[in-house]
Amino acid sequence: MLISPTPPTTQESKEDTQHNKICKEHEHLLQTLPKGNGWMVQHLYNYNGFWLNSYIIKNILLLNTFFKPQPSDIFLASFMKSGTTWLKALMFSTLNRHRYNSSDHHLLHHNPQSTFPYLDSECYPFTDFTNAPSPRLFATHYPRLLLPSCITSCKFVYVCRDPKDVLISKWHFACKIRSKDLKPVAFEEAFELFCDGVSDYGPYWDHVLSYWKASLESPDMILFLKYEEMKKQPVVEVRKLAAFMGKPFTVEEEEKGEVEKIVELCSFEKLSGLEVNKNGVEKLGKLAVVERGDFFRKGEVGDWKNYLSEEMKERIDRISDEKFKDSGLIVGAN
Ligand code: PAP
């Protein structure tokens, strides 16, 4: 006698069935993908051209099925260590500037990473964001090419940073959060891996280029910011950010110096000095537990000069020239 499986009866059990199916697909997929050395975990896998850890691969499969964006959502996208913490603070405080005054601001008591969800670390069953105030904000490090079109049709803010500073920042961060059971990644090894594209969400160049090209095609939908420009002229960049998010500063707000207040509150010096950012940990779903202080290191442009030989600098610059030629994109400080 043929016994058919019991049909799912509730919406929840149907979703659980889908979830279990995706988990099996994921297990199978991992057996087939090229493997490389990880910085924070032991292995990265090459999934559709990008190096990701196994959790992040599973999550993109789950997001494709379970995450339901709304047209008004705004996503902050970045390659790791390009200024996400800073941008989270700026986007949150710009959008919510009518809710808080500077003496008792939310950011004085909460780490910027906690201000809105990091999509990549969501885990099943996903949080119900349906009733979050609009526009809902989400952060992601996923390359644009891996995101479903229902997400890429929303507005994006992308922040890009000099790859040489990204490499230094990422290596320091990886040293902090890599399991002590694994052999540490020496800087020279990290450099080679980075140049070969093998680091979380890498290759760096393909990540940046996918958002850059999309920003040229749809400037109204993608605001492409540079860490170095933000350091040089934060007030100008925050004005752009506010207008892009549909909340331009009014003349009255400008007269009261509201832009400058936000810039000051979100500065590296201010945020890194707050008790809330010096102590405690931030839980990134099941992905990682990070000490809040590890999101703040130096916050400078050009720290690479303290680590890279002339030859190393030239190698990275050559890759950037090659990858970005004809795109019009120049990375790093001018
Ligand atoms: P993430 O990818 O883990 O989210 P992300 O915030 O993008 O990290 O990058 C961290 C970098 O931004 C650190 O750079 P560094 O290692 O070169 O110092 C961190 O210091 C820097 N950073 C954090 N907050 C700010 C800020 N308010 N202004 C400028 N830079 C900042």
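The values are calculated or read from the model by the stated rules, or taken from the named source; none is laboratory data. Remember, predicted model here, so these are calculated numbers, not experimental data. Backbone-built Cβ (ideal geometry, glycine too); neighbour counts: all protein chains shown. Note: accessible area is taken over every heavy atom of the protein model, side chains too, but ligands, DNA and RNA are not part of it. Shrake-Rupley method; radii C 1.70, N 1.55, O 1.52, S 1.80 Å.
Express the C-alpha Rg of the stretch 122-189 as a ratio against the empirical globular expectation 2.2 N^0.38 Å, rounded to two decimals.
1.55
My understanding is that a pair violates if its Cα-Cα distance is over 32 Å; which of Lys164/Lys270; Lys81/Lys325; Lys180/Lys261; Lys24/Lys180; Lys68/Lys232; Lys180/Lys323 do that in this structure?
Lys180/Lys261; Lys68/Lys232; Lys180/Lys323
Estimate the FRET efficiency between Glu260 and Glu189 by the formula 1/(1 + (r/R0)^6), using the beta-carbon distance for r and 45 Å for R0, to the nearest 0.05.
With R0 = 45 Å, the Cβ-Cβ based efficiency is 0.55.
Nearest-5 percent of antiparallel DSSP beta bridges in the chain? Before the final figure, lay out the partial values.
Details: 11 of 26 bridges.
Counting DSSP beta bridges with both partners in the chain, the antiparallel share is about 40 percent.
Could you give the length gained by full extension between Glu322 and Lys24, i.e. 0.36 nm per residue of separation minus their alpha carbon distance, to one decimal place?
Additional length available on full extension: 103.3 nm.
Quick one: with all protein chains in place, what share of the accessible area of the chain is carbon or sulfur, to the nearest percent (1.4 Å probe)?
That share works out to 52 percent.
Count charges around Leu107 for me, please; just the other residues with Cβ under 10 Å from its Cβ, Lys/Arg as +1, Asp/Glu as -1.
Neighbourhood net charge equals +2.
Please list, ordered by chain and number, the residues whose modelled amide H lies under 5 Å from the amide H of Arg136; skip anything fewer than 5 residues away on the same chain.
Asp73, Ile74
Please give the contour-minus-distance gain from Glu217 to Phe268: 0.36 nm per residue of separation, less the Cα-Cα distance, rounded to one decimal in nm. All intermediate terms of the calculation are to be shown ahead of the outcome.
Working: separation 51, 0.36 × 51 = 18.36 nm, distance 3.24 nm.
Answer, rounded to one decimal: 15.1 nm.
Rounded to the nearest whole Å², what accessible area per residue is found for the chain with the 1.4 Å probe?
Dividing the accessible area of the chain by its residue count gives 49 Å².
Calculate log10 I(q)/I(0) of the stretch 69-115 for q = 0.14, 0.20, 0.27, 0.30 Å⁻¹, where I(q) comes from the Debye formula with a single equal point scatterer on each Cα and nothing for solvent.
So the normalised log intensities work out to -0.39, -0.73, -1.05, -1.15.
Considering the Cα positions of the stretch 85-172, please state its Rg to one decimal place and its Dmax as a whole number of Å.
Over the stretch 85-172's Cα set, Rg and Dmax evaluate to 15.0, 42 Å.
Diagonalise the Cα gyration tensor of the stretch 223-306 and give the resulting equivalent ellipsoid semi-axes, square root of 5 times each eigenvalue, largest first, whole Å.
One finds semi-axes of 27, 17, 14 Å for the stretch 223-306.
Could you tell me which residue out of Val331, Tyr204, Tyr55 lies farthest along the dipole of the chain toward its positive end? Charges go on the beta carbon: Lys and Arg +1, Asp and Glu -1, centred on the Cα centre.
Tyr55
Tell me the mean residue ellipticity at 222 nm calculated for the chain from its helices only (DSSP H runs of n ≥ 4, each -39500 (n - 2.57), averaged over every residue, nearest 500).
Details: 14 runs with 144 residues, N = 334.
For the chain, the value works out to -13000 deg cm²/dmol.
Could you give the C-alpha radius of gyration of the stretch 113-240 expressed as a fraction of 2.2 N^0.38 Å, taking N as the number of residues it contains?
Expressed relative to 2.2 N^0.38 Å, the Cα Rg reads 1.20.
List every residue whose amide H lies under 5 Å from the amide H of Ile222, counting only residues 5 or more places away in sequence or on a different chain, with H placed 1.01 Å from N in the peptide plane.
Answer set, sorted by chain and number: Phe156.
Pulled fully out, how much extra length does the chain show between Val276 and Ser102, if you take 0.36 nm times their separation in residues and subtract their Cα-Cα distance?
Answer, rounded to one decimal: 61.0 nm.
Only Cα pairs within less than 10 Å get springs; with that Gaussian network setup on the chain, which residue of Thr127, Thr152, Thr65 has the largest fluctuation?
Thr127
Measure of size requested: the Rg and Dmax of the chain, with Cα atoms as the atom set and Å as the unit; please supply both.
20.6, 80
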